[in-house]
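**Q** My structure is below; once you've seen it, I'll send some questions.
The values are calculated or read from the model by the stated rules, or taken from the named source; none is laboratory data. Treat the numbers as computed from the prediction; the structure is a model and nothing was measured. When we count neighbours, we look across all protein chains shown, and the Cβ atoms used for this are built from the backbone with ideal geometry, even at glycine. Please note that ligands, DNA and RNA were not included when accessible areas were found on the heavy atoms of the full protein model with its side chains. Shrake-Rupley method; radii C 1.70, N 1.55, O 1.52, S 1.80 Å.
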Amino acid sequence: MKRALLIVISSPSGGGKTTLCQRLLAMDDATVQSVSCTTRAARPGEVDGKHYHFISVAEFERRMAAGEFLEHAKVHGHLYGTLRAPVAEAIRSGKSVLLAIDVQGAAQVRDSVRRLPAGDAMRRGYMDVFIQPPSLEALRRRLVGRGQDRPEVIERRLAAAEAEMRRAAEYGTVIVNDDFDTAAAELMAVVERERNGGSA
Ligand code: ADP
Ligand code: 5GP
């Protein structure tokens, strides 16, 4: 019986986690992506309920107080959080769940999973991956090339990237996203290994 995984993936903004997660989800119908809540505005093309649940700060705080989040954090000036119930429900039904979240949120999930009983499905299926850009210069090129953020937003994200990359060692696996297909193959291999119980 294959294991339902809780797959946490982080990278600096522009590191490639969205593109890598899309590839993983396209190749693997046993995995679903968690839809986070955020207080930031939707970007052109983003759909409420699909890319994020776009909610107000007041609504976010209400959900926080009600304990609805598995983790939550302020990232680049906005609030983001993962809802606990859909993640638990997916794991219970045997699906693997992908969380593409920042380093603060990943640390919270790691800590709360460690406190679960040893036999808990979420604890047994927990794995985390940090996606590292080949260099800060490459990261800048990708953020500019993506064409979604204003220059000052890109500078803020690059400044945050250095601090985020210093936390890569907290993750079980680090993948350098230089050649995309190589990085995607590495990600799929590590997921498959964990799904089979940690052996190759
Ligand atoms: P994130 O979700 O981590 O912010 P994205 O997945 O949006 O990052 O990737 C940022 C940009 O870099 C996108 O335009 C994407 O197509 C591009 N990209 C991702 N991986 C690579 C790669 N290995 N080589 C070149 N460009 C890449
Ligand atoms: P963006 O606004 O570019 O979609 O995401 C900005 C950052 O917020 C990324 O690092 C992304 O991984 C992170 N993020 C997205 N959703 C969540 C979440 O639910 N929790 C946390 N902690 N970070 C998130």
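**Q** When only residues in the stretch 19-41 that are more than 14 Å from ligand 1 (Cβ to nearest atom) and not in a loop (DSSP other than H, G, I, E, B) count, which is surrounded by the fewest Cβ atoms within 10 Å (Cβ to Cβ)?
**A** Within the stretch 19-41, the subset more than 14 Å from ligand 1 (Cβ to nearest atom) is 27-32, 34-35, 37, 39, 41.
This time we only want the ones that are not in a loop (DSSP other than H, G, I, E, B), so: 27, 31-32, 37.
On the way: Met27: 12, Thr31: 19, Val32: 16, Cys37: 20.
So the residue we want is Met27.
**Q** Still on this structure, I have one more. Run Lys74 past the list (1) within 24 Å of Asp120 (Cα to Cα); (2) assigned to a strand (DSSP E or B); (3) not acidic (Asp, Glu) and report the number of the one that doesn't hold.
**A** (1)
**Q** So, one more: Answer yes or no: is there a residue in the stretch 42-50 that is within 15 Å of ligand 2 (Cβ to nearest atom), within 17 Å of the chain's Cα centre (by Cα) and surrounded by 18 or more Cβ atoms within 10 Å (Cβ to Cβ).
**A** The answer is no, given that none of the residues of the stretch 42-50 is within 15 Å of ligand 2 (Cβ to nearest atom), within 17 Å of the chain's Cα centre (by Cα) and surrounded by 18 or more Cβ atoms within 10 Å (Cβ to Cβ).
**Q** Return yes when Leu24 is farther than 21 Å from Arg156 by Cα and out of contact with any Ser or Thr (no Cβ under 7 Å at 6 or more places or on another chain) and no when it is not.
**A** Numbers: farther than 21 Å from Arg156 by Cα: yes; out of contact with any Ser or Thr (no Cβ under 7 Å at 6 or more places or on another chain): no.
Taking the combined requirement at face value, the residue does not satisfy it.
Per-residue answers, yes or no, for (1) under 15 Å from the mean Cα position of the chain (by Cα); (2) within 30 Å of Val191 (Cα to Cα); (3) touching a residue at least 60 places away in the same chain (Cβ under 8 Å):
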{"position": "Asp29", "(1), (2), (3)": "no, yes, no"}
{"position": "Ser56", "(1), (2), (3)": "no, no, no"}
{"position": "Phe69", "(1), (2), (3)": "yes, yes, no"}
{"position": "Leu79", "(1), (2), (3)": "yes, yes, no"}
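**Q** Which ones in the stretch 54-71 are more than 10 Å from ligand 2 (Cβ to nearest atom), buried (at least 16 other Cβ atoms within 10 Å of the Cβ), not in a helix (DSSP H, G or I) and not β-branched (Val, Ile, Thr)? Explain how you work it out, then say what you get.
**A** First, pick out the residues of the stretch 54-71 that are more than 10 Å from ligand 2 (Cβ to nearest atom): 54-68.
Those left that are additionally buried (at least 16 other Cβ atoms within 10 Å of the Cβ): 54-55, 60, 63, 68.
So of that shortlist, the ones also not in a helix (DSSP H, G or I) come out as 54-55, 68.
Selection gives Phe54, Glu68.
**Q** Which one is farthest from ligand 2 (Cβ to nearest atom) among residues in the stretch 90-140 that are open to solvent by 60 Å² or more (accessible area, probe 1.4 Å), in a helix (DSSP H, G or I) and charged (D, E, K, R)?
**A** Filtering the stretch 90-140 for residues open to solvent by 60 Å² or more (accessible area, probe 1.4 Å) gives 92-93, 95, 104, 108, 111, 114-115, 117-118, 123-124, 136-137, 140.
Right, trim to in a helix (DSSP H, G or I) and you get 92, 104, 108, 111, 114, 123-124, 136-137, 140.
Keeping just the survivors that are charged (D, E, K, R) gives 92, 111, 114, 123-124, 137, 140.
Details: Arg92: 20, Asp111: 13, Arg114: 17, Arg123: 19, Arg124: 22, Glu137: 20, Arg140: 15 Å.
Looking at the filtered set, the residue picked out is Arg124.
**Q** When you go through (1) in contact with a strand residue (DSSP E or B) (Cβ under 8 Å, 6 or more places away or on another chain); (2) surrounded by fewer than 17 Cβ atoms within 10 Å (Cβ to Cβ); (3) part of a helix (DSSP H, G or I) one by one for Val174, which number turns out not to apply?
**A** (3) is the only condition that Val174 fails.
**Q** Only one of these conditions is not met by Gly16: (1) within 10 Å of ligand 2 (Cβ to nearest atom); (2) modelled with pLDDT of 95 or more; (3) surrounded by 15 or more Cβ atoms within 10 Å (Cβ to Cβ). Which number is it?
**A** With (1) within 10 Å of ligand 2 (Cβ to nearest atom); (2) modelled with pLDDT of 95 or more; (3) surrounded by 15 or more Cβ atoms within 10 Å (Cβ to Cβ) applied to Gly16, the lone miss is (1).
**Q** If you don't mind, another one. Given the criteria within 22 Å of Leu5 (Cβ to Cβ), over 16 Å from the mean Cα position of the chain (by Cα) and not acidic (Asp, Glu), does Gly198 qualify?
**A** yes
**Q** Here is a further query. Take the residues of the stretch 141-153 that are assigned to a helix (DSSP H, G or I) and either within 11 Å of ligand 1 (Cβ to nearest atom) or in contact with a Cys (Cβ under 6 Å, 6 or more places away or on another chain) (or both): which is least open to solvent (accessible area, probe 1.4 Å)? Before you say what the answer is, go through the steps one by one.
**A** So the first thing to find is which residues in the stretch 141-153 are assigned to a helix (DSSP H, G or I), and the list is 141-146, 151-153.
Still in the list and also either within 11 Å of ligand 1 (Cβ to nearest atom) or in contact with a Cys (Cβ under 6 Å, 6 or more places away or on another chain) (or both): 141-146.
On the way: Arg141: 150, Arg142: 79, Leu143: 1, Val144: 92, Gly145: 67, Arg146: 96 Å².
Top of the filtered list is Leu143.
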